[in-house]
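Input: a single structure, listed below in structure tokens.
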Number of protein chains: 2
Amino acid sequence: MDQNLETDAETLTKTLCGHLAAARFRDLSAAARREARRGVLDWIGCALAGSGHKTIGTLLAVLQEISGKPQATVFGRGLKLGLLDAPLANGQMGHVLDYDDTHMGGVVLHTSSPVLAALFALAERPAVSGADFMLAYAIGFEAGVRTGRTAPGHHKGGWHLTGTLGTIAAGAACAKLLKLDRQRMTYAMGIAATEAAGMQQNRGTMCKSFHAGKAASNGVLAALLAERGFDSTQEIVEGQRGFSRIYSDVAAPEQLTAGLGETWLIESNGHKPYACGVVLHPLIDAVIALRNHAAIDPATVSEISLRVHPLVLSITGVVEPSTGLQSKFSTVHAAAVALIDGDAGIAQYSDAKAADSTVAALRRKVKAQADDSLRRDEAYATISAGGKRHEVHIAHASGTADNPMSDAAIDAKFLANAAPVIGRDRAERARDFVQALETQPDMRGLTVLLA
Amino acid sequence: MDQNLETDAETLTKTLCGHLAAARFRDLSAAARREARRGVLDWIGCALAGSGHKTIGTLLAVLQEISGKPQATVFGRGLKLGLLDAPLANGQMGHVLDYDDTHMGGVVLHTSSPVLAALFALAERPAVSGADFMLAYAIGFEAGVRTGRTAPGHHKGGWHLTGTLGTIAAGAACAKLLKLDRQRMTYAMGIAATEAAGMQQNRGTMCKSFHAGKAASNGVLAALLAERGFDSTQEIVEGQRGFSRIYSDVAAPEQLTAGLGETWLIESNGHKPYACGVVLHPLIDAVIALRNHAAIDPATVSEISLRVHPLVLSITGVVEPSTGLQSKFSTVHAAAVALIDGDAGIAQYSDAKAADSTVAALRRKVKAQADDSLRRDEAYATISAGGKRHEVHIAHASGTADNPMSDAAIDAKFLANAAPVIGRDRAERARDFVQALETQPDMRGLTVLLA
């Protein structure tokens, strides 16, 4: 018997979608609401900071030529584009600096760039309340992270999860914003998942952040089609030719609904103090700690020796980055700028910094060694300088669930990201809007500040 | 060392793209030109025949609401949509009846729905000659089929190749129409491939033909971005996290360039006499042959026994289809309608026919058995009726490379598909246009006939 027939039978996907369709704002925990506020604030700052990136300029040159009805705002650009095009631009600008939030709950997923870029576009049609927006955002985490858990070999297999799971997360979030029922939520997931793509092979290129934008755009389309009754399989995740089996060498479809309703996955979202992949954060913390503690002069350094989780070297192995985008995938660059500048923010990942000769010289002195016994948020660093050796151990990198950024730190990050683009006054008004997100009657009040 | 850095080094993908970028119309063989003409004619007929399908109506309801500048024609609908939206609609209508061409050269790929839907949209901007159009079309086969051959486990792995490889084929074809150089052709493939999606889990649903439309739309976007210098990896096919490795459990990257320039893959394209997957064609040929030879009354049949390639049962295993789309994935439906109607055209795959009680009764008398020793284009059928047994063997199904449709049959199929939608006169003018395709100065002369 074929697995694609419409059926009244319960499937895992329908069970999940029934749960998502039934969820109400009052079901959100206080922690989930807090993380929704923090997530929106941090992400809009990242998007604004990314809005001037040359990658976005290239994308917009094409989209402005072909896009249509100005239905949705492109952040930081004083521009509106079509309902599928603005999410593409906003999703890509949210991720282009590798500064956006990361969920580590069994997957490594930058949920907000796909999900929020999609939701902001849909929230420019009829008025959408802050509460409905927050609920839809939380639903995106449930759909994306849960689907990811059904495919344990997905990341190792070479997929960029922000592209693949991001599409599913965005589709489900949009379906929730459109208040679709269980069947149509199931269709939205079925359509979104069958659009899901993005290869790790494109790390260090413009395509990497494009995955996030495409996920947002594809998610909007999936939900709008599902709303009209455009159908799909009832078992896109668990079916014999479904997501958990074809995007992963190991399938764990039962994970889709495991512990459903017990907690909200958005509660364990993480935010980045540094503008690069989270795998680099422990070693950056370590180098900055040594710099601050021992006042090391970079010119006197003979070696920076790192001991890190094996994933660090497999993901960020670029040794001679020539562009800012490439330098985000370079362990040696991260250590070098952390020692020279004491930071790893946007300025440390510019094209100019990647080409800087002092940085390049110090990069060549960095030795990194993989250690299976370390956690992903853990690192050791030793710096040999002026005849002395300085050592440090970071147990939990900043920005992780065990060492989260404070509200004040997220506020400061937001203002630093947003103010140069939209001005200090608008940035503060945007922050105030988000602090009272759940009582806002109309999300367009925020969008207009970000234009 | 990371594999994503820009490099002057030759890669397999760059070698292929250099070849594709350098190809000229005069390099096309006479057979390739003939197949390009046949392919365009057959496909525009399939698209017109599909243009009134309810799936297309649902899709267009969404696209009309959100699409923008009317830059590209939607066939058979008297409608223009945006440059990414019209290809989505036209690609889906080309594939929705499962009546479009099939390439069996190591892959099972419906090349024309993604590629031609994309090319027709781009050919509405500046004038594009028929010769340039044919060359770009042929390039689509090279990119799509060759990439497919690098991923031998791709189809078995659960992917819908018309979605995945179709995106790559469309991206390369569009890049050729835009006359991109080797580097930008490489980017176009890198962007297109990283958008490539479509799961077999969605067979029998509206998503299946959506894959073809999405492939067309994604291909256009990839080429337009690449034209502006939007970059990607240089090794999207052969890289360690590239297409051949992550979309397939077995990788054969060297197939990307094997025999490059020796022949044109478009030469071995196949066209369908029946409106369903090619795997069903041998058994339909068999049942129709018995019906014609023995004048069997379906009411007297006690059993229809089939011996078929194993793929038939794994792909088309639906036993009780309830919609026209589902019935295209039903071996038992194919045999039943072939005996009752002596055909397997559009009418035999309608919702009404799927629900017809006479058809349903006969479907229950069909027994199909897999036989590893058969080729994919081969079948045996035995019909027991009125106390007699009738047997037949089909060595090569009609519409395959070994038993191709004649030009006259393709002409007749086109007129039958097109005339009910655009009228006999326009259909004949379209056919005449395509017969002289390589001397046409402006493809818009054809597009206007198909509106």
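All of (1) within 7 Å of chain B (Cβ to nearest Cβ); (2) within 30 Å of A:SER314 (Cα to Cα); (3) not hydrophobic (A, V, I, L, M, F, W, C) hold for A:THR147 with one exception: (1).
Could you go through the stretch A:144-166 and let me know if any residue there is in the same structural domain as A:ALA49 (by TED's automatic domain parsing), out of contact with any Asp or Glu (no Cβ under 8 Å at 6 or more places or on another chain) and on the phi > 0 side of the Ramachandran plot. Yes, that holds for at least one residue.
Residues that are farther than 22 Å from A:LEU88 by Cβ and crowded, with 24+ Cβ neighbours inside 10 Å within the stretch A:113-141 comprise A:GLY130, A:MET134, A:LEU135, A:ALA138, listed in sequence order. From the list B:LEU12, B:LEU20, B:LEU59, pick out the single residue that is at pLDDT 95 or above and within 21 Å of A:LEU81 (Cα to Cα). From the options B:LEU12, B:LEU20, B:LEU59, the qualifying one is B:LEU59.
Residues in the stretch B:37-51 that are within 12 Å of the chain's Cα centre (by Cα) and of a type in the set (S, T, N, Q): none. Say whether the condition of being surrounded by 24 or more Cβ atoms within 10 Å (Cβ to Cβ), more than 28 Å from B:LEU446 (Cα to Cα), within 11 Å of another protein chain (Cβ to nearest Cβ) and not polar (S, T, N, Q) is met by at least one residue in the stretch B:156-167. Checked against the condition, which is being surrounded by 24 or more Cβ atoms within 10 Å (Cβ to Cβ), more than 28 Å from B:LEU446 (Cα to Cα), within 11 Å of another protein chain (Cβ to nearest Cβ) and not polar (S, T, N, Q), the stretch B:156-167 yields at least one hit. Considering every residue within the stretch A:312-326, establish whether at least one is in a helix (DSSP H, G or I), within 11 Å of chain B (Cβ to nearest Cβ) and crowded, with 22+ Cβ neighbours inside 10 Å. Yes, the conditions are met somewhere in the stretch A:312-326. Every listed requirement among (1) over 22 Å from the mean Cα position of the chain (by Cα); (2) touching a residue at least 60 places away in the same chain (Cβ under 8 Å); (3) within 14 Å of chain A (Cβ to nearest Cβ) is met by B:ALA294 save one, (3). Checking each residue of the stretch A:332-340 against the condition of being in contact with a helix residue (DSSP H, G or I) (Cβ under 9 Å, 6 or more places away or on another chain), surrounded by fewer than 24 Cβ atoms within 10 Å (Cβ to Cβ), of a type outside the set (Gly, Ala, Ser) and at pLDDT 95 or above gives at least one match.
I need the full set of residues from the stretch A:393-402 which are farther than 17 Å from A:SER373 by Cβ and touching a helix residue (DSSP H, G or I) at 6+ places or on another chain (Cβ under 9 Å), in order please. The answer is A:SER398, A:GLY399, A:THR400, A:ALA401. The residue of the stretch B:52-67 that is nearest to A:ILE66 (Cα to Cα), among those that are polar (S, T, N, Q) and within 23 Å of the chain's Cα centre (by Cα), is B:THR58. A residue that is within 13 Å of chain A (Cβ to nearest Cβ) and among the polar types (S, T, N, Q) can be found somewhere in the stretch B:71-93.
Among the helices (runs of 4 or more DSSP H) confined to the stretch B:179-288, the ones with at least 3 residues that are in contact (Cβ under 8 Å) with a residue 40 or more places away in the chain and either more than 7 Å from chain A (Cβ to nearest Cβ) or among the β-branched types (Val, Ile, Thr) (or both) are located at B:182-193, B:206-227. Within the stretch B:67-85, the residues that satisfy the criterion of being touching a helix residue (DSSP H, G or I) at 6+ places or on another chain (Cβ under 6 Å) and closer than 16 Å to B:GLY445 by Cα are B:ALA72, B:THR73, B:VAL74, B:PHE75, B:GLY76.
The values are calculated or read from the model by the stated rules, or taken from the named source; none is laboratory data. Keep in mind that what you see is a predicted model, and the values were worked out from it rather than measured. All Cβ positions, glycine included, derive from the backbone under ideal geometry; neighbour counts span all protein chains shown.
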